[in-house]
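Chemist: This is the structure I have questions about; it appears just below.
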Amino acid sequence: MIRLSEKVRKILEGFKKGTHSALHWQQRATIILLAAEGLSNQAIARQTGWNRNTVKQWRNRWARIAVDIDHHEAEKPWALNAYVESVLQDAYLPGKPCTFTPEQVAHIIQLACDKPEDYGLPLTHWTPSALAREAQKQHMVESISPRQVGRFLKRRPI
């Protein structure tokens, strides 16, 4: 069973009832509050209509950080609300690894700073397509799309 202090319970109820709370925070706060009332994962899933595995995941996550919650309440009460909010956030998912190294990106950006005429091209300015072709020609990258070159340039204004 999950035990909640009165202060943490009020914070969770605020997330549950808050009109400006994200929907997933409302859901997760509801799961924790119902678990604190002693309901089983199956009972919470039946009552809310959410997947039992989702209920189990959030109940387990809360159980793992219960000591940290108590620590924050005792040592850093001013930061308790923010900490509870961070616990209700989605877990970081790293996604696909980067295809291009920072060095490759830097070389492409440097190339964009040079004049196309310096490379024997009859252009007055670079286009993403021309930069992609030239980067491949100079073996900066094996292959790259003009769209990806455009993304690099958009993130680093020249």
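Chemist: What's the magnitude of the charge dipole for the chain around its Cα centre, counting Lys and Arg as +1 and Asp and Glu as -1 at the beta-carbon? Answer in Debye, nearest 20.
Modeler: 680 debye
Chemist: For a Förster distance of 22 Å, can you work out the FRET efficiency between the beta-carbons of A82 and E6, rounded to the nearest 0.05?
Modeler: So, using R0 = 22 Å, E works out to roughly 0.75.
Chemist: In nm, to one decimal, how far is the R156 label point from the T54 one, both placed 7 Å along Cα→Cβ?
Modeler: Roughly 4.1 nm, to one decimal.
Chemist: Rank G150, A22, V105 by how far each Cα sits towards the positive end of the charge dipole of the chain (+1 on Lys, Arg Cβ; -1 on Asp, Glu Cβ) and give me just the farthest.
Modeler: Value computed over the given set: A22.
Chemist: Explain nothing, just the number: relative contact order of region 1-116, from Cα pairs under 8 Å at least 6 residues apart, as a whole percent.
Modeler: Rounded, it is 22 percent for region 1-116.
Chemist: With bins 10 Å wide starting at 0, give me the P(r) of region 102-153 over every alpha carbon pair, in whole percents.
Modeler: Going from the shortest bin to the longest, the percentages are 27, 63, 10.
Chemist: Related question: How much length would be gained if the chain were fully extended between I109 and K96, taking 0.36 nm per residue of separation minus their Cα-Cα distance, in nm to one decimal?
Modeler: Result: 2.4 nm gained on full extension.
Chemist: Follow-up question, since we're still on this one. In vacuo Debye scattering of the chain, one point per C-alpha: log10 I(q)/I(0) at q = 0.09, 0.12 Å⁻¹?
Modeler: Log-scaled intensity ratios, in q order: -0.55, -0.65.
Values in this text are rule-based calculations from the coordinates and carry no lab data. A quick note: this is a predicted structure, and the numbers were derived from the prediction, not measured. Ideal geometry is used to build each Cβ from the backbone, glycine not excepted, and the neighbour counts take in all protein chains shown.
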